[in-house]
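Step one of this worksheet: look at the structure below.
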Amino acid sequence: MDIGLLVPQSGVYAPIGEDMEQGFRLCLDQAEGQLGGRDVNVVVADEGESPDTGVPAAQGLLEDGVSAVVGVVSSAVALGVQDAFTEAQVPLVVANAGANAITGPDVSDFVWRSSHRIEDVSGSIGAYVAEQVGEGSVFVIAPDYAAGREHAAAFRKTFEGAGGTVAGEVFTPFGQTENFQPFLSQIEQSGASAVYAFFGGSEAVSFARQYNSFGLSQNLPLFAAGFVTEGGELEALGQDAEGIQNVLHYSPQLDTPENQKFVEAYTAAYEEPPTVYSVQAYDACQSLDQALEVGTSGPEIVEGLEGIDTIPSPAGEWSYTDTHQASYTYYLREVQMQDGQPVNAIIRPLTEQ
Amino acid sequence: MFGFFSSNLITVVDGIAFGVLLFTIALGLSLVFGVMDVLSLAHGSLYLIGSYIAVSVSTAFTPTLGFFVLALVLAVALGSLAGAGLSFLTRPLASRGHLDQALLTLGVAFVVGDLLAQQYGREVRTVAPPSPFDGSVSVFGSTYPTYRLVIIAVGLALAIAAYLVIERTKMGALVQATVADAQMVRALGVNTGRLMTGVFAVGAALAAFGGVLGAPILNAAPGLDNRVLILGLVVVVIGGLGSVAGAFVGALVIGQVQTLGVSLAPSYAAFLTFGAMALVLLLRPAGILGKGRLA
């Protein structure tokens, strides 16, 4: 039986794709190459950076006759291919793309998501930030594209809902901003007492480093969506990330026996700690492991997915909601230095499952 | 009111830092096009090679000033070699028009980009500013990274040096003459082949130098080569081809557009750079300091 793995192997998202593939393969190796008791052959396709490359790659997998597909980093790709999967009656388990609409009320029978939903990420820290700044106000900054706007909107909804005041909001040109000085100076002029930010990749690194070197970190605490300080970004930032409070549903620091076992196995296999991206793909593989026990045709796999009670994730047990969305617990994390290495320490859960 | 004024002053300063950094890339592009009539799309790769040299040196040694200078020297050496190589590669295509040259140099850029990604990975790599300049100082009442002031000083010194060489030396006169009429210079018995290789090498060395200089603020990552190349091309178009002053003015204008412009009109940030270019093309099609000779 063939399972498609649709992850970026080229372009800016390639490091995320690598983590996802490692997480997926670790789960498969632990199951001795079998999912649901059936031998599995993994077919990898390169998603690239955008729908221009991602959609043809997905169509290629469908033409090859794979039984199910796991992966997809870009929300634009996920939204672009979901109809093709529904039509072909092949289940797609999205393992990173975060757009709210992917698991909206009209979700297709064949589309599932074992990863975060943007509204759950930035929405779950709003009330906490409101409590922290009290009478003060917060400036919101994010890149100017769909995910950036969804993060900002999700944060504002719960932050303002909890009585917080927004001092200002700015969206930076996506993929073109390396110098944040003009935006940082705008933040200083706004009179805000804290900042909430979402960025990814090199923009996350530039933003957080310049936030320090322009002296903002001394006066304005930085709150962020956890992607700013995850994986390669965290490594590149090093000490510059220290003290950033952020929200995400996993950290290798999570102190549970299941997670310790997972971190040990992952580190032994790949000589680096797992990231949230590895866990999301690991959990997608665990979902298929349970679902494939029912059968291998598309409708049978969907029946299996519907029948899943809980997924024993390294991030903590979770289950699928009625709209096929993984219901992770979201944590408040803070970057701390441990033996000279930055880590995301778990402070406390922000949501209940 | 004073607060508003002073925080914009600091943005102007930052625009100068950004502008002089762009100048190091644009000058090479402009001279190579002016002198050899070659459009080198591999110029961004030279910048990125410089940035990765800074990454290598700063991971191998402690980030002191001495090692930063070592990175600069290595970048200049490697950059000029690469430039000379590119000049030999493009020479057989000299008579075949800009499209063929663009295709060749774009191909080189892709190959170099992939080789760098293979060597250094696709993750972002950072470089710490050299140790005496890694802090911040207060400028016009705002906290400002010391290293950006260093960039301004080095960039201005470079601009003055380039101006003196082009305007005040025999070599510079020959380069200018070649920009104006290469055939006539050749008829006077000057070995323009060697001159062209030299200009290409110096232009490439400047871009690699800029790569090291810019690494502590722009980091090093796949894709940065393209963004830098595009900004360099915009600067050349705005300033006018084939002159030091043109590249300098163009770079300072784009530096301000990308800082002061973005600060005053953040919602239009994505369009400002190309808006400025379109405006200059409408009003002065040959660039602000262009001589009116359009390729």
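Coordinate-derived values only; no laboratory data. Remember, predicted model here, so these are calculated numbers, not experimental data. Here the Cβ is made from the backbone with ideal geometry for all residues, glycine too, and neighbour counts use every protein chain on show.
Listing A:209, B:168, B:148 from the residue with the fewest other Cβ atoms within 10 Å to the one with the most, what is the order?
B:168, A:209, B:148
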Check: Nearest-5 percent of antiparallel DSSP beta bridges in chain A?
Finding: 30 percent
Checklist line | Ascending count of other beta-carbon atoms within 10 Å, so fewest first, for B:36, B:277, A:337 | finding: A:337, B:277, B:36
Check: According to a simple spin-label model (label point 7 Å from Cα along Cα-to-Cβ), what is the distance in nm between residue B:184 and residue B:118?
Finding: 4.8 nm
Next item on the list: Given the options B:52, B:163, B:147, state which has the largest fluctuation in a GNM of chain B using a 10 Å cut-off (strictly under) for Cα springs.
Entry: B:163
Check: Pick from B:46, B:78, B:27: which is most flexible by mean-square fluctuation in a GNM of chain B where alpha carbon atoms under 10 Å apart are linked?
Finding: B:78
Checklist line | Relative contact order computed over chain A (Cα-Cα under 8 Å; 6+ residues apart), in percent | finding: 18 percent
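Sort B:170, A:261 by Cβ crowding within 10 Å, fewest neighbours at the top.
Ordered by Cβ neighbours within 10 Å, fewest first: B:170, A:261.
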Notebook entry, point to check: Net charge near residue A:346, counting Lys/Arg +1 and Asp/Glu -1 over other residues with Cβ under 13 Å of its Cβ?
Noted result: 0
Item checked: Convex hull projection area averaged over all views, chain B, Cα basis, nm² -> 16.0 nm²
Notebook entry, point to check: Using the beta-carbon distance between residue B:245 and residue B:283 and R0 = 22 Å, what value does 1/(1 + (r/R0)^6) give for FRET efficiency, to the nearest 0.05?
Noted result: 0.75
Note to self: Check which residues have an amide H placed less than 5 Å from residue A:115's amide H, if you skip close sequence neighbours.
What the structure shows: A:326
Next item on the list: Distance between Cα centroids, the range B:183-246 to the range A:168-221: provide it in whole Å.
Entry: 31 Å
Checklist line | Distance (nanometres) between label positions extended 7 Å along Cα→Cβ at residue B:138 and residue B:226 | finding: 4.4 nm
Notebook entry, point to check: Given R₀ = 51 Å, FRET efficiency for residue A:306-residue B:268 by Cβ-Cβ distance, to 0.05?
Noted result: 0.60
Item checked: Antiparallel content of DSSP bridges confined to the protein assembly as shown, in %, to 5 -> 40 percent
Note to self: Quick check for you: which residues of the range B:136-180 have the amide N under 11 Å from the point 7 Å beyond the Cα of residue B:9 toward its beta carbon?
What the structure shows: B:139-142
Item checked: Residue of A:225, A:204, A:84 that the Gaussian network model of chain A assigns the largest fluctuation, springs spanning Cα pairs under 10 Å -> A:84
Check: Taking only C-alpha pairs under 8 Å that are 6+ residues apart, what is the relative contact order of the range B:2-283 in percent?
Finding: 41 percent
